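Trainee: Got a structure for you, questions after.
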């Protein structure tokens, strides 16, 4: 068992297990080789990735194309969450009356 795989069994019954993905790791080495990039990153088989995804009650994908790949690999529901949109910072208000200490 990997160091983190057992953690999925630790939450109390009824806990929603959400897996927030950031990449598809199945056959990643093949995609890296095709791009002429080194294969120094983690990769796994589609079956093993699906096995890991199946432990989740809900899988979050960043992009729609990754959602489609993950949906094919798991029986768990997969939704696209996407990136946080850029926001303008709020203007700083004067703090003349603010005192700390």
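Derivation of every value follows stated rules applied to the coordinates shown; laboratory data play no part. As the structure is a prediction and not an experimental result, all values here were calculated from the model. Here the Cβ is made from the backbone with ideal geometry for all residues, glycine too, and neighbour counts use every protein chain on show.
Trainee: Between residue 79 and residue 51, what length comes free when the chain is fully extended (0.36 nm per residue of separation minus the Cα-Cα distance, one decimal in nm)?
Mentor: So the chain would gain 8.3 nm between residue 79 and residue 51.
Trainee: What fraction, in whole percent, of alpha-carbon pairs in region 26-83 exceed 12 Å separation?
Mentor: Percentage above 12 Å: 67.
Trainee: What list do you get for 66, 49, 88 if you sort them by fewest beta carbons within 10 Å?
Mentor: With the fewest neighbours first, 66, 49, 88 line up as 88, 66, 49.
Trainee: When 60, 81 are ordered from fewest to most other Cβ atoms inside 10 Å of their Cβ, what list results?
Mentor: 81, 60
Trainee: Hey, fewest Cβ within 10 Å first, where do 19, 37 land in order?
Mentor: Fewest-to-most Cβ neighbours within 10 Å comes out as 37, 19.
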